[in-house]
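Peer 1: Please see the structure below; I have some questions.
The values are calculated or read from the model by the stated rules, or taken from the named source; none is laboratory data. Predicted model, so just to flag it, every value in this text is computed and none were measured. Note: ideal-geometry Cβ built from the backbone for every residue, glycine included; neighbour counts use all protein chains shown. What goes into the accessible areas is simple: the full protein's heavy atoms, side chains included, and nothing from ligands, DNA or RNA. Shrake-Rupley method; radii C 1.70, N 1.55, O 1.52, S 1.80 Å.
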Amino acid sequence: MFFGILLLVSCEQFVEIDAPNDQLTGDVIYEEASTVTAALTNIYAHLRDDGITNGQLNGINNLLGLYSDELDLYSTSLSQIQGFHLSSLEASNSNVSNLWKNSYNLIYASNAIIEGVENTSKLKEKDKHQFLGEAYFIRGFLHFYLVNIFGDIPYIETTDYKTNSKVSRIPSDDVYKKIIADLIKSKSLLTESYISSEKARPNTWVASALLARVYLYKKDWLKALEESTAIIENGGYTLEPNSNQVFLKTSPETLWQLSSAASGYNTYEGFTFIFNSGPPRTVALTNGLIQSFEATDLRFTNWVKTITKDSNSWYHAYKYKQRGPTSESKEYSIMFRLAEQFLIRAEAKVKLEDVPGAVQDINTIRARAGLISTTATGSEAVFYALLQERRHELFTELGHRWFDLKRTGKADSYLGSIKSNWKSTAILLPIPESELILNPNLKPQNNGY
């Protein structure tokens with residue numbers, strides 16, 4: 001059954017043959033809640049293992065950390081990753097291609113669930129709402145990352161192969177409108193309670209969290225304020241007071257996380273970023289990031305680990321503290337957590353000229369980090385202080401730093417001063433060359449490639 005469901009994820013094989021007797025295909029999958037659940041679980045597994053949000057070297061935690069100013073690359077054998085670090089990407093880069101291809105494969109899978117669930121009469125209405133809510137969320141979630149990485153992109157809303165093979169890119173503003181529509185629909189279908197005891201499947205607050213981020217990126221300050229405030233005040237989440245425990249799978253501030261593949265497994269992030277001897281084999285945190293922390297910041301104390309050899313020191317991200325299996329799983333890969341919502345609300349308040357309110361939210365985050373209240377005054381200084389808090393709170397998490405530099409217009413001047421190969425056209429990644437060959441309607445290529 002599971003291998004049959006895996007076929008949903010591939011949008012490259014459309015040869016019509018008789019279904020094997022031991023596989024479920026087509027509409028049969030959507031007649032039972034258990035098989036739809038398996039299809040959704042498969043999507044989450046791909047997000048964890050090889051999708052855009054995976055915690056390995058080819059996921060955006062690492063790639064966009066290298067592309068911005070969070071990570072340095074020490075390996076000399078990872079040529080396709082080196083392009084991110086050196087700002088010298090080409091349209092043939094395999095990691096760029098995988099970001100695009102794997103995301104659209106999962107968008108195809110979410111569309112298959114939407115179409116199958118909407119067209120069946122054999123599921124309970126409650127189950128249909130849950131499944132559709134999750135599928136609409138996934139579709140919006142993946143398009144959100146694609147539009148922020150590639151700019152104008154296609155918004156795929158069908159499983160029709162002929163339609164998808166000829167699709168064109170649409171303006172980013174139109175992509176955002178569709179993302180918002182999907183998330184609003186998801187929010188209306190999902191409930192406040194989790195269907196998974198480990199917060200491994202989204203609820204309405206998770207849809208709201210992404211909406212808050214989307215509104216922030218679109219500079220719709222009032223709506224960003226409304227969504228983030230609703231989560232903070234009514235979602236039932238609390239900041240974990242001990243910064244050493246924020247990334248445990250039981251953290252009270254986690255909104256959504258991807259559960260491990262098996263009991264005892266932990267995160268790919270831990271395996272990717274942690275090293276126990278120097279020099280690093282793959283990546284390490286940049287000196288620029290390390291030097292930007294205040295001396296008493298507990299996020300440096302508890303989320304960064306120093307490795308020394310002779311007179312040299314290197315630093316690795318230590319948010320996730322398990323590099324390998326344990327007797328039982330202790331950490332899951334976190335997609336959304338409450339701290340981000342305080343920072344979203346603070347930024348919205350600054351832009352809405354509620355500077356004291358913004359300072360209060362910033363200080364909430366600083367207090368957990370063991371820091372005194374910010375001394376910043378005035379909207380410009382408070383906004384700068386906020387960006388520093390985002391840098392220190394969200395480093396190596398799903399590309400937040402890169403997206404912050406880009407959306408605030410600081411990427412060009414800042415990265416241009418620290419990266420010798422930086423060009424203004426690097427603000428967008430190239431559309432994969434292989435996709436342009438398959439579908440010329442995706443042209444023109446992004447500038448500079």
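Peer 1: Over 19 Å between C-alpha atoms is what I'm after, so list which of 178/218; 101/321; 249/321; 305/410; 178/351 land there. Show your work: numbers first, answer last.
Peer 2: Working: 178/218 13 Å; 101/321 31 Å; 249/321 12 Å; 305/410 28 Å; 178/351 25 Å.
Table pairs above 19 Å Cα-Cα are 101/321; 305/410; 178/351.
Peer 1: Next question. Would segment 39-98 count as rounded, prolate or oblate if I go by the C-alpha gyration tensor, calling it rounded below 1.5 in a/c and otherwise prolate when a/b exceeds b/c, oblate otherwise? Working shown, then result.
Peer 2: Details: a/c = 2.55, a/b = 1.89, b/c = 1.35.
Verdict is prolate for segment 39-98.
Peer 1: With a 10 Å radius around each residue's Cβ, average the other Cβ atoms per peptide and rank 208-214, 123-129, highest first.
Peer 2: Details: 208-214: 25.0, 123-129: 13.7.
So the order, starting with the most tightly packed, is 208-214, 123-129.
Peer 1: Could you name the aspartates and glutamates in cross-link range of residue 177, using Cα to Cα under 13 Å and dropping any fewer than eight places away on the same chain?
Peer 2: 152, 220
Peer 1: Assuming 1.002 mPa s and 20 °C, estimate D for segment 228-367 with Stokes-Einstein, Rh taken as the Kirkwood radius over Cα pairs, in µm²/s. Each step should come with its number before you reach the end.
Peer 2: Working: Rh = 16.8 Å.
It diffuses with D of about 128 µm²/s by this estimate.
Peer 1: Can I ask one more? Averaging the inverse of every distinct alpha carbon separation and then flipping it gives the Kirkwood radius. What is it for segment 100-187, in angstrom units?
Peer 2: Details: mean 1/r = 0.0752 Å⁻¹.
Roughly 13.3 Å, rounded to one decimal.
Peer 1: Let me ask something additional. Work out the charge dipole of segment 49-178 with +1 on the Cβ of Lys and Arg and -1 on the Cβ of Asp and Glu about the Cα centre, then indicate which of 85, 62, 107 is farthest towards its positive end.
Peer 2: The one lying farthest along the dipole's positive direction is 107.
Peer 1: Just how many % of Cα pairs in the chain lie over 29 Å apart, if you round to the nearest whole percent? Could you put the intermediate results ahead of the total?
Peer 2: On the way: 47421 of 100576 pairs.
The answer is 47 percent, as a whole percent.
Peer 1: Using a 1.4 Å probe, what is the accessible area per residue for the chain, in Å²?
Peer 2: Numbers: 19030 Å² over 449 residues.
On a per-residue basis, 42 Å².
Peer 1: Using only alpha carbon pairs under 8 Å that are at least six residues apart, calculate the relative contact order of the chain and give it in whole percent. Don't skip to the answer; put the middle values down first.
Peer 2: Numbers: 750 pairs, mean separation 82.5, N = 449.
Relative contact order comes out at 18 percent.
Peer 1: Ok, one more. In debye, nearest 20: dipole of segment 33-127 around its Cα centre with unit charges on the Cβ of K, R (+) and D, E (-)? Could the numbers behind the result be given before it?
Peer 2: Values: 5 positive and 10 negative charges, 71 e Å.
Value, rounded to 20: 340 debye.
Peer 1: Quantify, in whole percent, the carbon and sulfur part of the accessible surface of the chain (1.4 Å probe; protein heavy atoms only).
Peer 2: Values: 9380 of 19030 Å².
Within the chain, the accessible surface is 49 percent carbon and sulfur.
Peer 1: Nearest 500 deg cm²/dmol is fine: what mean residue ellipticity at 222 nm does the chain get from its DSSP H runs of n ≥ 4 alone, each adding -39,500 (n - 2.57), divided by its residue count?
Peer 2: -15000 deg cm²/dmol
Peer 1: Each residue of segment 129-143 in turn: what ³J(HN,Hα) in whole Hz from Karplus with 6.51, -1.76, 1.60 and θ = phi - 60°, glycine and Pro shown as x?
Peer 2: Each residue's phi maps through the Karplus curve to give 4, 4, 5, 5, x, 5, 5, 5, 4, 4, 4, x, 4, 5, 5 Hz.
Peer 1: Let me ask you something else. Using a simple charge model, +1 on the beta-carbon of Lys and Arg, -1 on the beta-carbon of Asp and Glu, nothing else, what dipole does segment 313-445 show about its Cα centre, in debye to the nearest 20? Please report the intermediate quantities before stating the final value.
Peer 2: Values: 19 positive and 15 negative charges, 56 e Å.
The dipole of segment 313-445 has a size of about 260 debye.
Peer 1: Would you check the accessible area of residue 249, probe 1.4 Å, heavy atoms only, in square angstrom rounded to 10?
Peer 2: 50 Å²
Peer 1: Now, a different point. Collect residues whose amide H, placed 1.01 Å from N in the peptide plane, falls under 5 Å from the amide H of residue 255; neighbours closer than 5 in sequence don't count.
Peer 2: For residue 255, whose amide H was placed from the backbone, the distant partners under 5 Å are 336, 337, 338.
Peer 1: Of 221, 147, 161, whose Cα points farthest to the positive end of the dipole of segment 95-228 (charges on the beta-carbon: +1 Lys, Arg; -1 Asp, Glu; origin at the Cα centre)?
Peer 2: The listed residue farthest towards the positive side: 161.
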